[in-house]
Amino acid sequence: MLKNIFKDEILDIYHIGSTAIPTIGFAKPIVDILIVIKDIEKMELYNGKMKVVIWVWAKR
């Protein structure tokens, strides 16, 4: 889903935060990610689409 939003701009996606550590045992129920894109100046172009994705996913 994220690759569809960022298309050719995306360089990598990293899973970070407590849920990225399998042995932690007390991770919160939120997955933290870091999206690396080619041009940080273009990030605002994707804010609207990201808000929709987050809202839809959170409603599940």
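The values are calculated or read from the model by the stated rules, or taken from the named source; none is laboratory data. What you see is a predicted model, and the numbers here were worked out from it, not measured in a lab. Neighbour counts run over all protein chains shown; Cβ positions are idealised from the backbone, glycine included.
Overview of results
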| read-out | value |
| --- | --- |
| Pair list, Cβ under 7 Å, 6 or more apart: segment 10-23 residue free of Cβ contacts under 8 Å to residues at least 40 places away in the same chain, other residue of a type in the set (Ser, Thr, Tyr) | none |
| In segment 17-47, the residues that are surrounded by 10 or more Cβ atoms within 10 Å (Cβ to Cβ), within 21 Å of Asn4 (Cβ to Cβ) and modelled with pLDDT of 80 or more | Asp32, Ile33, Leu34, Ile35, Val36, Ile37, Lys38, Lys42, Met43, Leu45, Tyr46 |
